[in-house]
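**Q** First the structure, then my questions, so here it is.
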Number of protein chains: 2
Amino acid sequence: MNLHHRFEISLPHWIDEFVGHWLNQNRSGLDTPEHRMELAIALAAANVEQGTGGPFGAIVVQEETNRLAGVGVNLVTGINLSSAHAEIVALSLAQIATGSWNLGKLGPMQLVTSCEPCAMCFGAVPWSGVTSVVCGARKEDAEAAGFDEGDKPVNWTESLHQRGIEVRLNVMRDEAARVLQEYSEGAGTIYNPGKNI
Amino acid sequence: MNLHHRFEISLPHWIDEFVGHWLNQNRSGLDTPEHRMELAIALAAANVEQGTGGPFGAIVVQEETNRLAGVGVNLVTGINLSSAHAEIVALSLAQIATGSWNLGKLGPMQLVTSCEPCAMCFGAVPWSGVTSVVCGARKEDAEAAGFDEGDKPVNWTESLHQRGIEVRLNVMRDEAARVLQEYSEGAGTIYNPGKNI
């Protein structure tokens, strides 16, 4: 085993064309949390279809301009990194794009994720500087599909609220949960060190 | 703002020589949690001295062989990524080195961190496959130095224990806390979107 000094996280090649096509087809763009969630869910579904990772998608949107600052999909199994969840990928790419680890410096910034954040991604939210989080599927939906979401504080939305981060739950929940369910029925890899390996 | 497709996390250039030198000077190597913690704390202190990030260091050790699988220091301010905490860097580099997102596949694997994990890194631990975690400084020590550690579940060690992950706290706590205290007295950047920017 050699000591390694660097790692890289890259979005899959299909993402660029997919997002461009989506924005062309959806002329109202990213103007509401619901429209933003449509893109996050579409990314989750496409990630499964393309075979590049788990059924999770996330985007970061600059709220004042409705511009897309970052895009993420789950890449854990594709690149062998357990922290490459959709939210971490989208937040990191937004930070690279904006040149700051504190996204809030640029005005209100929203993380829109096809599923409520797991314990790790919940913890990552305040460090990123986003000012609001919009979630589709719930922890229970991910667990019903076989995923382990980890242990968040019971009052996790209140914890974020107290840090000035607004949380909106259940936005297009049924559509988001359907992607998880279909993935689980298709017997995709459920990456869970404790149970499945 | 352009959409970005990739980001890279690289260890600072000084790390290789530093770790090589440390292993040469410490002939007992990484045979106990205490000796492993000495290296994690030394990395935290050197990271501050070299100006490459915050006062946090972590290593991943293959327990059966005492071999170093991964090394990490906090790189948040250096590379503008809020998730580049020492633990995430060390776990990710160990996963790249071993070719698996599930480190537990290779036998017992230990994360040794100069400070108790923050909320994000706590959540990242079960996904990584490590089988034990050894912590130096406590949340209270980091907070006393001005850092926000986030909200973990109250029973976070029990949560890890129930997933088969052993946690040992307060290993060389005083030495580890001193690095945090010295950093804070030196007025280094405390990166905390809510309070300091």
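**Q** Looking at region B:33-65 only, could you name the residues that are acidic (Asp, Glu) and either over 22 Å from B:His13 (Cα atoms) or crowded, with 24+ Cβ neighbours inside 10 Å (or both)?
**A** B:Glu34, B:Glu63, B:Glu64, listed by residue number.
**Q** Condition first: buried (at least 24 other Cβ atoms within 10 Å of the Cβ), under 24 Å from A:Glu38 (Cβ atoms) and not β-branched (Val, Ile, Thr). Now tell me which residues in region A:111-132 satisfy that.
**A** Residues satisfying the conditions are A:Leu111, A:Ser114, A:Cys115, A:Glu116, A:Pro117, A:Cys118, A:Cys121, A:Phe122, A:Ala124, A:Ser128.
**Q** Of everything in region A:2-15, what is assigned to a helix (DSSP H, G or I) and under 15 Å from the mean Cα position of the chain (by Cα)? Give them in sequence order.
**A** Selection gives A:Ile15 alone.
**Q** For A:Leu68, indicate whether it is crowded, with 21+ Cβ neighbours inside 10 Å, at the interface with another protein chain (Cβ under 8 Å from one of its Cβ atoms) and either closer than 16 Å to A:Ser132 by Cβ or among the small types (Gly, Ala, Ser) (or both).
**A** Criteria met by A:Leu68.
**Q** For residues in region A:160-188 being part of a helix (DSSP H, G or I) and free of Cβ contacts under 8 Å to residues at least 24 places away in the same chain, which is surrounded by the most Cβ atoms within 10 Å (Cβ to Cβ)?
**A** Here the residue is A:Arg178.
**Q** Moving on to the next point. Look at region B:53-105 and say how many of its residues are among the hydroxyl-bearing types (Ser, Thr, Tyr) and out of contact with any helix residue (DSSP H, G or I) (no Cβ under 9 Å at 6 or more places or on another chain).
**A** 2
**Q** Please indicate, with yes or no, whether at least one residue in region A:16-32 is surrounded by fewer than 20 Cβ atoms within 10 Å (Cβ to Cβ), part of a loop (DSSP other than H, G, I, E, B), in contact with a strand residue (DSSP E or B) (Cβ under 8 Å, 6 or more places away or on another chain) and touching a residue at least 12 places away in the same chain (Cβ under 8 Å).
**A** Within region A:16-32, none of the residues are surrounded by fewer than 20 Cβ atoms within 10 Å (Cβ to Cβ), part of a loop (DSSP other than H, G, I, E, B), in contact with a strand residue (DSSP E or B) (Cβ under 8 Å, 6 or more places away or on another chain) and touching a residue at least 12 places away in the same chain (Cβ under 8 Å).
**Q** Scan region A:89-96 and tell me whether some residue there is touching a strand residue (DSSP E or B) at 6+ places or on another chain (Cβ under 6 Å), over 18 Å from B:Ile9 (Cα atoms), of a type in the set (S, T, N, Q) and crowded, with 24+ Cβ neighbours inside 10 Å.
**A** No - not one qualifying residue is present in region A:89-96.
**Q** So which residues in region B:1-36 are among the polar types (S, T, N, Q) and within 14 Å of another protein chain (Cβ to nearest Cβ)?
**A** If the condition is that a residue be among the polar types (S, T, N, Q) and within 14 Å of another protein chain (Cβ to nearest Cβ), then B:Asn2, B:Ser10 are the ones that fit.
**Q** Let me ask another. When region B:135-152 is examined, which residues are found to be surrounded by fewer than 19 Cβ atoms within 10 Å (Cβ to Cβ), at negative phi, of a type outside the set (Lys, Arg) and in contact (Cβ under 8 Å) with a residue 12 or more places away in the chain?
**A** Hit for region B:135-152 is B:Ala144, nothing else.
**Q** Which of the residues belonging to region A:123-132 are within 12 Å of chain B (Cβ to nearest Cβ) and in contact (Cβ under 8 Å) with a residue 40 or more places away in the chain?
**A** Taking region A:123-132 first, the residues within 12 Å of chain B (Cβ to nearest Cβ) are A:123-131.
Hits for region A:123-132 are A:Val125, A:Val130, A:Thr131.
**Q** Can you tell me how many residues within region B:71-122 are more than 7 Å from chain A (Cβ to nearest Cβ) and either in a loop (DSSP other than H, G, I, E, B) or of a type in the set (Phe, Trp, Tyr) (or both)?
**A** 8
All of the numbers you see were taken from the coordinates with simple rules; none came from a lab. Keep in mind that what you see is a predicted model, and the values were worked out from it rather than measured. When we count neighbours, we look across all protein chains shown, and the Cβ atoms used for this are built from the backbone with ideal geometry, even at glycine.
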